[in-house]
Structures are given as C-alpha cells and as structure tokens.
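First the structure, in the form of structure tokens, and then the observations on it.
The values are calculated or read from the model by the stated rules, or taken from the named source; none is laboratory data. If you're wondering where the values come from, they're calculated on a predicted model, not measured in any experiment. Note that each Cβ is placed from the backbone with ideal geometry, even for glycine, and that neighbours are counted across all protein chains shown. Areas reflect the complete protein model, heavy atoms only, side chains present, ligands, DNA and RNA absent. Shrake-Rupley method; radii C 1.70, N 1.55, O 1.52, S 1.80 Å.
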Amino acid sequence: MLPNDQALIDEILREKKKNNTLILAHTYQPPEVLAVADLTGDSFALAKAAESLEAPRALLCGVRFMAETLKILSPEKEVVLSHPDAGCPMAEQINPKEVEAYRKAHPDHGICAYVNTTAELKALADVCVTSSSAVSIVRKLPYQDILFLPDKNLGSFVADAVPEKNIHLMNGYCPVHNEITAQDILSIKAAHPGAKVAIHPECPREAVALADMIGSTKDIISYVNTRDDDIILATERGVYDNLILEFPDRKLYQLCPQKMTCADMKKTNLQQVYDALTGKGGEVITLDESLRLRALGSIASMLRYGN
Ligand code: 13P
Ligand code: SF4
C-alpha cells in the first residue's frame, strides 16, 4: 500500500456509504482494491451477487463483461464499471455471424458461451458458464453436441471432463493464460522441486497436462487453503498477490509473473475507484433492452444450472 493510500481508502469508504453503492471486485484486482470491496470473488460469484444486491448502485471493479452481466441480471440498478477501458480481449474474439451460421447449420446442437463474452454473444447462446461452473453445467445440459465458445482451452478441458458429450470448439483464447507453455511449467518445477502446480484451465492443454491440480480461480484458492504443500500458481497473478498477503509464511510461487498479468484487470486502482464513485470516472453501463432480454436467458440458465 502506498503511503497516501489510507487517506484515499477512507474517502472511498465514506463515499460508498454516502452514495449507497456496493463495491464488487474480481479476485484478479489489486489487493488495495479488494480491500475496499463489499464482495470479492470469481466471475460466478460476481454474477450470483445480482440475486441479493440490496443497494441501488453497484460499482464493478473488474472488466466490462462482468459489469454487463450484472446489468443484464439487475436492470433496475445503476451498474458502474470502474474503468471504461477495462475489457476482456477474449470477449471480442468471436464474430456473432459465425455463431448464427453455426446455429443454422446445427439446429440440434446446444450453444454454450463462456461468460467472458459480449452481451451479443450471450444472446446467441443457450447457456453461459464460468470456469468454476463449466464442467458441472455442461454435464447437465440436454444436448449431445455442444458448441463451446470462445475459449478453446477451457473448452478442451470441459471436453476431457465430460467425455459423454461431443464438444465443438472455436478458436478463442485468453491472451494471458494462453501464453503459458509446457516448458514454463517444467522450468518452474525444476526451480522448486516438490512444489505442486495449480493451473487455470484457460491455459493450453500441454501445460495443463503437467499440473497437479486444474481449477478455476475459486478452486485454486481453496486448493491453497486446504493444503500445506508449496504451491506454484499458474494463473493470473492477482491470485498470488492476494494469497501471499493472507499466507506470508507459505511457499507460494507465481509462474511467469510478467506474462501472467492481465493489463485490463490492472487498469483499476484506488483513484479510479474513487473517481467512479464520485461520478468523475468509470462508466455507467447501458444496454439496449431487447439485447438485454435476449442475453438474460443464457445467464439465468447459468445461475439455475450452477446452483
Ligand atoms: P474466473 O473468475 O471464472 O476464474 O475467470 C478467470 C478470468 O479470466 C476472469 O476474467
Ligand atoms: Fe480476459 Fe484473460 Fe484478462 Fe480474464 S485474464 S479478463 S480472460 S484477458
């Protein structure tokens, strides 16, 4: 924490109370942003928060698709994204026209969209999933064939975990997690013999194959919480940055910290939180009502299947 952070934190706490605003922050946010949040968690937890949001206004510290998801589920609330330029590059990778063409060609297939997508893609899907809910939801879907978009890595992980279904992939990926190579894993294992590797399924299959544990942000955190081992974290570095504050005496290691930094997740700092709270920054999310209603079905299905 920087020396003048405390003054800013005090201002933020005052402002959010005054404006009756709840702050929701994704786990990849910097520790000082998580410290001022009312609710922190992975993408699924942030979407689920819509069911019990009591304040009229929510400030989402994370990336655009998370704020849009919240707005789709809570149209009566004012939802503010902490930084207008904080997007997820993966969300934009698939052209909706391709998905429409797939639907026409395969009317009996289900379409499953990772929640890291635009509202337009959500509107074309039957169901959304997050990394923590993908396997269990896909297993329950009433389709034999499923198009999984956009993430080919998460899609392959799901295909391996649910072999009874035919999973069809598109060529999307997270530009952060997809950078990890098998050699990166081998090198860090050699540097820390005996340490277990916990990896996010957005990483490529050949890297995932070398890990001891594969799981979402939430799963990785509970793996660290429930084991005494030294652990190498192969996911976005926000998870490590926060866990090491909680467990300063544990031997936790961040894989390739430079490569595993999501620039979009780091666009929000305390000043941006303050500016968004006071109307000097951030972006109030607005969605065309017919688009919102079309996207609502797939997100509501995610919450229903995921609960
Ligand atoms: P989860 O929050 O579902 O683990 O997703 C990881 C991620 O990349 C979010 O952008
Ligand atoms: Fe998107 Fe990857 Fe960043 Fe998550 S870590 S917001 S999937 S670019």
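For all pairs of alpha-carbon atoms in the chain, what percent lies in each bin of width 10 Å, listed from the first bin to the last filled one?
6, 27, 34, 24, 8, 1
Cα centroids of segment 253-272 and segment 148-213: how far apart, whole angstrom?
That distance is 20 Å.
Could you tell me whether segment 140-287 comes out rounded, prolate or oblate from its Cα gyration tensor? Rule is a ≥ b ≥ c as square roots of the eigenvalues, rounded for a/c under 1.5, then prolate if a/b exceeds b/c, otherwise oblate.
Values: a/c = 1.94, a/b = 1.08, b/c = 1.80.
Note, shape of segment 140-287 comes out oblate.
At 1.4 Å probe size, with every protein chain present, just tell me what the per residue accessible area of the chain comes to in Å². Before the final figure, lay out the partial values.
On the way: 13060 Å² over 307 residues.
That works out to 43 Å² per residue.
Taking Cα atoms of segment 208-307, Rg/Rh with Kirkwood Rh, to two decimals?
On the way: Rg = 18.4 Å, Rh = 17.0 Å.
Over the Cα atoms of segment 208-307, Rg/Rh equals 1.08.
Express the Stokes-Einstein translational diffusion coefficient of segment 60-175 in µm² s⁻¹, to the nearest whole number, given a Kirkwood radius over alpha-carbon pairs, 37 °C and a viscosity of 0.692 mPa s.
Diffusion coefficient, whole number: 225 µm²/s.
Pop a pseudo-label 7 angstrom from the Cα along the beta-carbon direction at both Lys97 and Ser222 and give the gap in nm to one decimal.
For the pair Lys97/Ser222, the computed spacing is 4.3 nm.
For segment 184-253, with all protein chains present and a 1.4 Å probe, just round the carbon and sulfur fraction of the accessible area to a whole percent.
It is 49 percent, rounded to a whole number.
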